[in-house]
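Report on the following structure.
The values are calculated or read from the model by the stated rules, or taken from the named source; none is laboratory data. What you are looking at is a predicted structure, and each value in this text was computed from that prediction instead of being measured. Methodologically, a virtual Cβ is constructed for each residue, glycine included, from the backbone with ideal geometry; neighbour enumeration extends over all protein chains shown.
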Amino acid sequence: MKTYFLLATLLLATTHVLAQKGDDSVIALHTSHTSMIFSVAADSCLYFEYYGDRIEDCTPFAHKQTYRRSDYGTDALAYPAAGGRFFNEPALAAVYPDGDLNTELKYTGHTDSLSADGNMKQTTISLADLKQGLHVSLIFKAYSREDVFTASALIRNLNKKDVRLTRFYSSYLPVKANSYYLNTFYGAWAQEMCMEQSKLTHGIKSVESKKGVRTTHTENPSFMLSLDAPLQEEAGRVIAGALAWSGNYKLNFQVDEFNLLGISAGINPFASDYSLRRNQCLATPEMVYTYSSRGAGQATRNLHDYARNYVVYDAQTIRPTLLNSWEGAYFDFNEEVIRKMIDDAAEIGLEMFVLDDGWFGNKYPRDNSKQGLGDWQTNRTKLPNGIKSLADYATQKGLKFGLWIEPEMVNPRSELAEQHPDWIVKAQGRNIPTIRGQWLLDLSNPQVQDFIVNTFCRIMDETPNIAYIKWDANRHAESIGSDFLPADRQSHFWIDYTNGLYEVYRRIRARYPDLIMQACSSGGGRVDLGVLKYHQEVWTSDNTDALSRVFIQYGTNMIYPAVVTGSHVSATPNHQTGNQTSLKFRFDVAMGGRLGMELQPQSLSPSERDFARQAIAQYKTLVRPLVMQGDLYRLLSPYDDHGFCVYMYAAKDKASAVVYAYCLKYQGRTHFPQFRLSGLSPEKRYRVKEINTVGNKSVYWGNGQVFSGQYLMNEGLNLRLTQCCSSAVFHIEEVR
Ligand code: GLA
């Protein structure tokens, strides 16, 4: 199994073995504004001491006391294992060949190394249970500028026989406050990433997925924890976290009898016991943390910077605007329909056309969702001249071309299912349930990995000007079983599937480094930092209704930057919700991410087409650089009951910004939104210009005027927005 080390980029490695319980028994990790501190005690256990604002002098942690009876369980261990005196949810649990269920990890040394640019310092702390030969390397990376720490564990078996791991979290983080307000994301298909806040009570609250594949539909492996008070934007102590893993995950929040909160985060141990042979390792995914003493806003900005600088594939490249065929044509198209869509996309100034589902299958044509998946040959009836002729046509029109695939799946009615029943995930002798009429391929099997890579490469090589792939996955795993894994390794399925997927991504990326890839999974079923290492973007939700999207995008962008969130203008009434909204509102909302359209452009009236053309042009020049790379400031939350949502992106140099304001309910004749801007420079002067106006009518009395940053950040804007689904977008630019 591969580790996540970036050894190649590391310089200067230093090795330490600490003298225990002395002034040098402290291991302090720092970022620009935060510190994470550990100590090694006389018993050689590694204790977690502190995570919060930066502390320069860490020496007191060598002799700091806690008021805790030692026979009531241990102090906060850095990576507690089941056994000994630890009674809470452990980070690690193992069953040894002699039946021993206890693991006692002792510190054996640590190393530091610094990245070439000096921004990332990796500290690897080595622990071992010497009786059983289980070794754990805790790997912490401190990202200085971003104020982010990542934590993961590499678990190695040096026992002579197999060791069965039953818990293998990436990290354990003990937190001490008087009260804990946990903000997590909950949802369902077409309602992803809705925010919920709960005050933690004693006991365990878990956020998890046990379904595999489509792991982020209902919950997301991320959170914002506010200490001592409910979450606020610009004040308060906040720890935010996100796990970089696209398989089953579990984040446990356990408040114990000492009112200490223990957060264990990592791969979900559910039905996933993992046996290691001698010398074999299990590498756990990275858990990403940031701490802010200035509220949720700063925590988000730290995570966004970290994601853009270190996670998201090619995050600095500008993403093209696009027309996607799905809601405009569904399965019902032919070459003429697609060519016309390409013409229209070019005519209104979009930069790419993406052909969605329905283009493949011959024996079982993909004319609906019940057949053809797995048969990745172009359908000769619909597209007699092949994909290449469409891609060439788009190229001639000045557009890039993109294609949809769903390579992890197979319909029972397909040639692939007929040829390779052994590749289908199933429990022997049991029914194989379908979801959306399809089965799941067994990615723990290297032959299946090869099939997917080869299929992908063939499609790409047949049409070299494919610039974008939308990679879909429209079901989760059920009734699992693998024909490939031996009987005593069936529980490896969940982890091996995800690592198999990553292996496929790695091979594809090695061959197509410039390809733009979108991770889609029935909408927002794969929104996590693991998938984003290989993809430029995610499809946030199959719900394209602008009103719903205000909430979905607000929640998603709490954690994930807008450079990754695809956001499309679709038809009205909306196909999912039936809501009717103006084209302006739909554009104003879709411009909060990577803008696209997903409708039949022929259904637009001439004036709507003009509006679209102008909005797209303004997005490309004025909005896109800000929303993709700027700093997010949330000004009014749609989750508060005032019925407004306002947020803005400010350029890093504070020379420009874009402000979005949405009215989400009818406000009567008296309630007008008032909000103060953020992220500008008080000394600078800015022109405030409303864009996307209809008939040049602005909702702001000061439209086009110049104001000081001080005025905008203190008095702010007051808008005439009172009707449900009315909106405004402003471009703000420094005047020198
Ligand atoms: C999923 C995706 C949609 C679309 C369809 C095609 O539902 O989320 O965007 O691609 O599949 O079948």
Next on the checklist: Go through (1) assigned to a helix (DSSP H, G or I); (2) crowded, with 20+ Cβ neighbours inside 10 Å for Ala617 and report which single condition fails.
Outcome noted: (2)
Checklist entry - Which number in (1) touching a Phe, Trp or Tyr at 6+ places or on another chain (Cβ under 9 Å); (2) under 24 Å from His568 (Cα atoms) marks the one condition that Ala299 misses? => result (2)
Item to check | Failed item in (1) more than 22 Å from Ser35 (Cα to Cα); (2) surrounded by fewer than 16 Cβ atoms within 10 Å (Cβ to Cβ); (3) of a type outside the set (Lys, Arg), with Val213 passing the rest | outcome: (2)
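Could you please let me know if Gly374 is among the small types (Gly, Ala, Ser) and either farther than 30 Å from Ile480 by Cβ or within 13 Å of the ligand (Cβ to nearest atom) (or both)?
Details: among the small types (Gly, Ala, Ser): yes; either farther than 30 Å from Ile480 by Cβ or within 13 Å of the ligand (Cβ to nearest atom) (or both): no.
For Gly374, the condition - among the small types (Gly, Ala, Ser) and either farther than 30 Å from Ile480 by Cβ or within 13 Å of the ligand (Cβ to nearest atom) (or both) - is not met.
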Checklist outcome for this item: Scanning the range 378-401 for residues that are within 24 Å of Ser522 (Cβ to Cβ) and part of a loop (DSSP other than H, G, I, E, B), the one farthest from the chain's Cα centre (by Cα) turns out to be Lys382
Next on the checklist: Out of the residues in the range 340-359 meeting the condition of being over 15 Å from Ala617 (Cα atoms) and not charged (D, E, K, R), tell me which one is farthest from the ligand (Cβ to nearest atom).
Outcome noted: Ile342
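Which of the residues belonging to the range 468-495 are within 28 Å of Ala188 (Cα to Cα) and aliphatic (A, V, I, L, M)? Explain how you work it out, then say what you get.
Taking the range 468-495 first, the residues within 28 Å of Ala188 (Cα to Cα) are 468-482, 491-495.
Residues satisfying the conditions are Ile469, Ala473, Ala477, Ile480, Ile495.
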Checklist entry - Of the residues that sit in the range 450-491 and are more than 24 Å from Pro269 (Cα to Cα) and among the aliphatic types (A, V, I, L, M), which one is farthest from the ligand (Cβ to nearest atom)? => result Val453
Item to check | Only one of Arg506, Arg609, Arg526 that is within 16 Å of the ligand (Cβ to nearest atom), more than 27 Å from Gln232 (Cβ to Cβ) and either part of a helix (DSSP H, G or I) or basic (Lys, Arg) (or both) | outcome: Arg526
Checklist entry - Given the structure, is Thr317 more than 16 Å from the ligand (Cβ to nearest atom), hydroxyl-bearing (Ser, Thr, Tyr) and under 26 Å from Gln396 (Cα atoms)? => result yes
Next on the checklist: Taking the conditions exactly as written (within 16 Å of the ligand (Cβ to nearest atom) and among the aromatic types (Phe, Trp, Tyr)), does Trp494 satisfy them or not?
Outcome noted: no
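Can you go through His535, His492 and tell me which one is within 22 Å of Val627 (Cβ to Cβ) and either part of a loop (DSSP other than H, G, I, E, B) or not assigned by TED's automatic domain parsing to the domain that holds Leu276 (or both)? Steps first, answer last, please.
Numbers: His492 fails: within 22 Å of Val627 (Cβ to Cβ).
One residue alone meets the criteria, His535.
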Checklist outcome for this item: If we ask which residues in the range 574-589 are out of contact with any helix residue (DSSP H, G or I) (no Cβ under 7 Å at 6 or more places or on another chain) and not charged (D, E, K, R), their number turns out to be 5
Item to check | Selected residue (criterion: nearest to Ile338 (Cα to Cα)) from residues of the range 402-448 that are under 30 Å from the mean Cα position of the chain (by Cα), within 16 Å of the ligand (Cβ to nearest atom) and part of a loop (DSSP other than H, G, I, E, B) | outcome: Glu406
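Restricting attention to the range 145-163, and to residues there that are part of a loop (DSSP other than H, G, I, E, B) and of a type in the set (Lys, Arg), which single residue is farthest from Gln132 (Cα to Cα)? Quick ask: steps written out before the conclusion?
Here is the first cut: in the range 145-163, the ones part of a loop (DSSP other than H, G, I, E, B) are 145-147, 158-162.
Subsequent filtering for residues that are of a type in the set (Lys, Arg) retains 145, 160-161.
Working: Arg145: 40, Lys160: 9, Lys161: 10 Å.
Here the answer is Arg145.
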Next on the checklist: Given the options Asp314, Asp367, Asp357, Asp332, name the one that is in contact with a helix residue (DSSP H, G or I) (Cβ under 9 Å, 6 or more places away or on another chain), not basic (Lys, Arg) and not in a helix (DSSP H, G or I).
Outcome noted: Asp357
Checklist outcome for this item: Only one of Thr577, Thr544, Thr556 is within 16 Å of the ligand (Cβ to nearest atom), over 14 Å from Glu327 (Cβ atoms) and at pLDDT 95 or above, namely Thr556
Item to check | Residue check, Glu598 under 23 Å from Ile516 (Cβ atoms) and either outside the structural domain of Thr290 (by TED's automatic domain parsing) or among the β-branched types (Val, Ile, Thr) (or both) | outcome: yes
Checklist entry - Are any residues in the range 1-31 modelled with pLDDT of 80 or more, polar (S, T, N, Q) and surrounded by 13 or more Cβ atoms within 10 Å (Cβ to Cβ), and if so, which ones? => result Ser25, Thr31
